[in-house]
Amino acid sequence: NDIILNVQSLKKYFPIRKGFFQRMDGYVKAVDDVNFYIREGETFGLVGESGCGKTTLGRCVLRAIEPSEGATLFRDREGQMRDLNKLDAKELRKFRRDIQLIFQDPYSSLNPRMTVQNIVGEPLICNKLASGEELRIRVRQLVEMVGLNSRHMDRYPHAFSGGQRQRIGIARALATNPRFVVCDEAVSALDVSVQAQILNLLQDLQKQLGLSYLFISHDLGVIQHISDRVGVMYVGRMVETARTEDLFMRPRHPYTEALLSAKPVPDPRKKVERIVLAGEVANPANPPSGCYFHPRCPYAQEICRSEKPVWRPVSEDHFVACHRAEELTLQGAQLS
Ligand code: SF4
């Protein structure tokens, strides 16, 4: 399939101001020179520990936060790749209909004083896409599409369970008929059984509507279940991207290997050795030199301390930033 989103050397540095005169004291490199692409109709899972920059990256892609540098190329409806970071406010408004966000917390992301009709209808009114009876019909379609009943339309969020609220959030995100959706920890606040229902719903909607997803989660099991390809972030940098099975079975970055080794094993007879990393996660305001992972990496060598690893392909659809990616044989995880 064609690439719908191509992120190139994207950076987001937040200035840190400290001291008496509000002196600039450097930057937090929340997103640090990130590259990846997403194909039309696919789910790209983005995984990493909390604070690794994945939420900031998701917001930069939506331009809900302005990136500091880099390009976010998005395929428009005419098939042209456009750099979202170069669009003016008016052009960006047009693109916003195509790119939507499903929030993390279904409990706080819905306005408690608005009915389902108004919550789901709001983007249609704001974008002048429907009004009057047409609006009500479209909202009913959306509500039914996410598995709720049209009787629910005049109720308020407090009347619903967490899973139902997330369905309302999904209906709202789909109101403008988007082609690309960022799901930011979209199932993390839900019970495991409800998580499965919402994941299945997202997959059904993807097939039905041809959606592409950037699916952000700290949960490797969820990422493995839903993703066609996966990206792993560490301290603001993308360290590896690959097809899901490749990444889980044949990781090429030592951080991915360590992350996978901590995943619960479905069959305890097949042993995966748990890798316990030394030291703390690096501080993005004061990261180490060279490869950010070097103080914790069991395979680090001199070059790792001095030079930033180049982001490069190691096989088809498999990219890594590690000096030793070609020579190391790393342990994978079991596929559940
Ligand atoms: Fe480890 Fe060096 Fe690879 Fe970084 S570049 S992950 S320190 S081997």
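Key figures for this structure:
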{"quantity": "Criterion: modelled with pLDDT of 95 or more, farther than 17 Å from Asn35 by Cα and within 16 Å of the ligand (Cβ to nearest atom) - qualifying residue of Ser261, Ser306", "calculated": "Ser306"}
{"quantity": "Verdict on Ala325 being in contact with a strand residue (DSSP E or B) (Cβ under 7 Å, 6 or more places away or on another chain), of a type in the set (A, V, I, L, M, F, W, C), near the ligand (Cβ under 10 Å from one of its atoms) and assigned to a loop (DSSP other than H, G, I, E, B)", "calculated": "yes"}
{"quantity": "Top-ranked residue of the stretch 123-161 - restricted to ones that are surrounded by 15 or more Cβ atoms within 10 Å (Cβ to Cβ) and among the β-branched types (Val, Ile, Thr), ranked as nearest to Asn177 (Cα to Cα)", "calculated": "Val139"}
{"quantity": "Contacts under 7 angstrom Cβ, first residue in the stretch 288-305 being closer than 17 Å to Leu277 by Cα and assigned by TED's automatic domain parsing to the domain that holds Thr256, partner basic (Lys, Arg) and not in a loop (DSSP other than H, G, I, E, B), 6 or more apart", "calculated": "Tyr292/Arg237; His294/Arg305"}
{"quantity": "Selected residue (criterion: surrounded by the most Cβ atoms within 10 Å (Cβ to Cβ)) from residues of the stretch 236-256 that are over 14 Å from Ala325 (Cα atoms) and touching a helix residue (DSSP H, G or I) at 6+ places or on another chain (Cβ under 7 Å)", "calculated": "Phe248"}
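Residue-by-condition table, conditions (1) in a strand (DSSP E or B); (2) closer than 25 Å to Asp228 by Cβ; (3) away from the ligand (no atom under 12 Å from the Cβ); (4) under 24 Å from the mean Cα position of the chain (by Cα):
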{"site": "Arg274", "(1), (2), (3), (4)": "no, no, yes, no"}
{"site": "Pro284", "(1), (2), (3), (4)": "no, no, yes, yes"}
{"site": "His294", "(1), (2), (3), (4)": "no, no, no, no"}
{"site": "Phe319", "(1), (2), (3), (4)": "yes, yes, yes, yes"}
{"site": "Leu330", "(1), (2), (3), (4)": "no, yes, no, no"}
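One line per residue, one yes/no per condition, for (1) in contact (Cβ under 8 Å) with a residue 24 or more places away in the chain; (2) closer than 11 Å to Ile4 by Cβ; (3) under 20 Å from the mean Cα position of the chain (by Cα):
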site	(1), (2), (3)
Pro67	yes, no, yes
Leu92	yes, no, no
Phe95	no, no, yes
Ile102	yes, no, yes
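The values are calculated or read from the model by the stated rules, or taken from the named source; none is laboratory data. What you are looking at is a predicted structure, and each value in this text was computed from that prediction instead of being measured. Using ideal geometry, Cβ is built from the backbone for each residue, glycine included, and neighbour counts are taken over all protein chains shown.
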